[in-house]
Amino acid sequence: MEVQYICPTAYDSSVYLVNKKVLIDAGMNGNLVLRELEKYIEISDLELIILTHCHHDHAAGAAGIVEKSGAGVGIHKADFDAVNDDRLSVSLLFGERAPTVKPTISYKEGDRIPIGNGEILEVIHTPGHSRGSICLYEPISKSLFSGDTVFAGGGTGRTDFDGCEPEKMLGSVEKLTKLDVKKLYPGHGGPTDSDGNKQVMASYRMLKAMSGVF
Ligand SMILES: [Zn+2]
Ligand SMILES: [Zn+2]
């Protein structure tokens, strides 16, 4: 699997171009992402944008990218409508309206998304940060795209927004500890090439310790 990491601005989500045809998350600024993508591909070659969840900083850039590429847009079924909701997409916190992108594919736990070269991304439903948060696992390179569920270095996404399910977060992160993860591609911050398992476990331990407090 070939991955290009695109970091539009410090406020946008991380954006990953996979196998030169699939985008994971879209950031907030479609034009900035398109300019970066042009360094690697013909925009019309982009086939699919997968949103790890419905939040503004991951999804607002998608509409502009779809307009130029014609790519399909996939998101978990529990976030499918939420992405167009001002409140559930946390757009109001950014002083903005909800993303205008219209998803075309709805995912569920266990779906296998073909990404070319015989490779797939497996959909792992990890509710907590949002109802329809997903992580995407590529088993050959043992890569995990973790959205805002788990961050590098040990950390997990906030669970105090509208639409969060804080009581499900620990179970979701625990699910990730069962995977064999080498490379971690988080929803904020750059990817890490090794020690994915250690970082997922650190996130789990931190969350478990915090859960014990309340
Ligand atoms: Zn985010
Ligand atoms: Zn988020």
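Readers should treat all values here as calculations from the given coordinates under stated rules, not as data from a laboratory. Please read all numbers here as calculations on a predicted model, not as lab measurements. No Cβ is skipped: glycine too gets one built from the backbone with ideal geometry, and neighbour counts run over all protein chains shown.
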Can you give the extra length, in nm with one decimal, that the chain gains between Glu96 and Glu67 once fully stretched, where that is 0.36 nm per residue apart less the Cα-Cα distance?
-> 8.4 nm
Percent breakdown of C-alpha pair distances by 10 Å bin, ordered from the shortest bin, for the stretch 3-213 | 9, 39, 38, 13, 1, 0
For the stretch 3-213, what's the relative contact order in percent, using C-alpha pairs closer than 8 Å and at least 6 residues apart?
-> 15
Violating pairs (Cα-Cα greater than 18 angstrom) within the set Lys20/Lys182; Lys21/Lys175; Lys178/Lys208; Lys108/Lys175; Lys178/Lys198 | Lys20/Lys182; Lys21/Lys175
Out of the DSSP beta bridges found with both residues in the chain, what percent are antiparallel (nearest 5)?
-> 60
From DSSP H assignment alone, runs of 4+ in the chain each adding -39500 (n - 2.57), the sum over residues rounded to the nearest 500 puts [θ] at 222 nm at -7000 deg cm²/dmol
Looks like the stretch 48-117, by Cα gyration tensor root eigenvalues a ≥ b ≥ c and the a/c under 1.5 rounded cutoff (else prolate when a/b is bigger than b/c, oblate otherwise), is oblate
Expected sort for 13-24, 179-190 on mean C-beta neighbours within 10 Å, highest first, is 13-24, 179-190
Run the quick spin-label model on Met210 and Ser194: label points 7 Å from Cα toward the beta carbon, then report their separation in nm to one decimal.
-> 2.8
List every DSSP H helix in the chain whose Cα atoms extend 15 Å or more along the helix's own long axis and whose mean Kyte-Doolittle hydropathy is at least -1.0.
-> 166-177, 196-213
Approximate spin-label separation Tyr40-Arg87, in nm, with each point projected 7 Å along Cα-to-Cβ | 3.7
Pulled fully out, how much extra length does the chain show between Lys77 and Asp180, if you take 0.36 nm times their separation in residues and subtract their Cα-Cα distance?
-> 34.5 nm
Quote the relative contact order of the stretch 54-123 in percent (integer), defining contacts as alpha-carbon pairs under 8 Å separated by 6+ residues.
-> 33
